[in-house]
Amino acid sequence: MNRIFSGVRPSGKIHLGNYLGALKKWVELQDDKQTESIIYAVVDYHGITTPFDPKEYKMQIMEAALDFLSVGVNPEKSLLIRQSHVPQHTELAWIFNTITPVSWLERLPNYKEKLASSPKYNHMGLLDYPVLMAADILLYKSNAVPVGEDQKPHIDITNEIAKKFNSMFGETFEPVKPIFTEAARIMSLQEPSKKMSKTGDDGIALTDDPDAIREKIKRAVTDSGSEIIYDSKNKPAISNLLMIYHVLSGKSLEDLTEQYQNKNYSQFKNDLAEIVVGYLEPIQKRRKEFSGDMDAVEKILTNSEKKAIDMASATLAGVKAKMGLL
Ligand code: AMP
Ligand code: TRP
């Protein structure tokens, strides 16, 4: 049986990459027979490891929670928490800090990328990011983590930390597996060699209005040659658009290739824009409904956090007992 945990940083608008790589799977797992328990988190302590605006941050955290609810995270099936409201996350992270070699962290690609994009933000928290992530997951004895492909190195470190803890203090944590979707790496619409990200204007936010979506898809770069075929190596731009089309429409890549055999990019893009707009419409409608009652959203979060604290405290007590801390 799967005990699921996953999180998204509230560091910018949640986009189609987040949705197709992670959130869509989060929702599906709620009805999977193998699922035993689920916790989805707005990982606000991770979000402060890169530049952020304290005046905006509280709102951004609530916006992320709204996004979770609007795509279909159901509080009756999943706990929906703010990481910083469950203090055991940082407590377990501190313990893991004492068993994690710095060399494991320095070589991680995400660390190097983030450091390159904000060189002044070189602090302990950025380096330590994966240790907190390991604590997030292991705090609930989770064993399955739906994430995009970029998080694979972090899941590997989580397993290394779990193994090391078990060997030093006795069997405590089970192996953790990532769960990927077939669209585990959605690329930027402007630079298809980079992943779609929360910074920059290269992605489609779940909250973008129809005209913004149409404009972004119209402006999306394409590859040389006019063929509309899936070939992620040689045609990364059109393959990325085809993948988005395929997942949102449910049409197979083969059917789409056939459908657009004698059509041009602009016909393809017009159709794709309408697919995206149509797909996001009910999500945006639900978002509006939830945002009309933020007290109810706050209640969902605090109720979930109470339950999460109980689960987390039990794990932490076991960990501390094994280490002679109790
Ligand atoms: P982040 O925006 O880094 O907090 O990511 C939240 C979740 O979305 C993680 O599971 C990421 O792996 C996933 N994700 C982020 N960007 C992409 C992308 N371009 N394609 C697929 N998944 C992504
Ligand atoms: N590191 C993840 C990201 O940037 C977010 C995250 C933090 C996470 N803790 C997690 C994802 C635990 C899965 C499980 O996307």
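The values are calculated or read from the model by the stated rules, or taken from the named source; none is laboratory data. Since the structure is predicted, the reported quantities are computational estimates derived from the model, not experimental observations. In this analysis, Cβ positions are derived from the backbone assuming ideal geometry, glycine residues included, and neighbour counts consider all displayed protein chains.
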Note to self: Looking at (1) over 15 Å from L301 (Cβ atoms); (2) within 15 Å of ligand 2 (Cβ to nearest atom), which one does G72 not meet, given that it meets all the others?
What the structure shows: (2)
Item checked: Residue check for K198: touching a strand residue (DSSP E or B) at 6+ places or on another chain (Cβ under 7 Å), without any contact (Cβ under 8 Å) to a residue 12 or more places away in the chain and within 14 Å of ligand 1 (Cβ to nearest atom) -> no
Next item on the list: Name every residue in region 89-104 that is under 21 Å from the mean Cα position of the chain (by Cα) and buried (at least 18 other Cβ atoms within 10 Å of the Cβ), in order of residue number.
Entry: H89, A93
Item checked: Residue satisfying all of: in region 201-217; surrounded by fewer than 19 Cβ atoms within 10 Å (Cβ to Cβ) and in contact with a helix residue (DSSP H, G or I) (Cβ under 6 Å, 6 or more places away or on another chain); farthest from S188 (Cα to Cα) among these -> P210
Check: Taking the stated definitions as given, is E56 surrounded by fewer than 17 Cβ atoms within 10 Å (Cβ to Cβ), away from ligand 2 (no atom under 16 Å from the Cβ) and closer than 28 Å to I217 by Cβ?
Finding: yes
Margin query: Show the residue pairs meeting these rules: Cβ distance below 8 Å; 6+ apart or different chains; first residue within region 297-326 and assigned to a helix (DSSP H, G or I); second residue basic (K, R).
Written below: L301/R82; E305/R82; T315/K141
Next item on the list: Taking N143 as meeting all but one of (1) within 16 Å of ligand 1 (Cβ to nearest atom); (2) in contact with a Lys or Arg (Cβ under 6 Å, 6 or more places away or on another chain); (3) in the same structural domain as S313 (by TED's automatic domain parsing), write down the number of the exception.
Entry: (1)
Next item on the list: Name every residue in region 132-187 that is within 30 Å of H246 (Cβ to Cβ), crowded, with 22+ Cβ neighbours inside 10 Å, of a type outside the set (A, V, I, L, M) and more than 13 Å from ligand 2 (Cβ to nearest atom), in order of residue number.
Entry: none
Next item on the list: Please work out which residue is surrounded by the most Cβ atoms within 10 Å (Cβ to Cβ), limiting yourself to region 62-88 and to residues that are within 16 Å of ligand 1 (Cβ to nearest atom) and among the acidic types (D, E).
Entry: D67
Check: What are the residues in region 209-220 that are under 14 Å from L272 (Cβ atoms) and part of a loop (DSSP other than H, G, I, E, B), if any?
Finding: A220
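Taking into account only those residues within region 108-119 that are in a helix (DSSP H, G or I) and among the polar types (S, T, N, Q), which is modelled with the highest pLDDT? Let's see the steps before the verdict.
Of the residues in region 108-119, the ones in a helix (DSSP H, G or I) are 109-117, 119.
Within this subset, residues satisfying the condition of being among the polar types (S, T, N, Q) are 110, 117.
Working: N110: 89, S117: 86.
Here the answer is N110.
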Next item on the list: Spot the failing condition for M62; the list is (1) within 30 Å of E182 (Cβ to Cβ); (2) away from ligand 2 (no atom under 11 Å from the Cβ), and only one is missed.
Entry: (1)
Next item on the list: Take the residues in region 1-14 that are surrounded by 23 or more Cβ atoms within 10 Å (Cβ to Cβ) and more than 9 Å from ligand 2 (Cβ to nearest atom), then tell me which one is farthest from L79 (Cα to Cα).
Entry: I14
Next item on the list: Go through K307, K288 for me and flag whichever is of a type outside the set (S, T, Y) and surrounded by 14 or more Cβ atoms within 10 Å (Cβ to Cβ).
Entry: K307
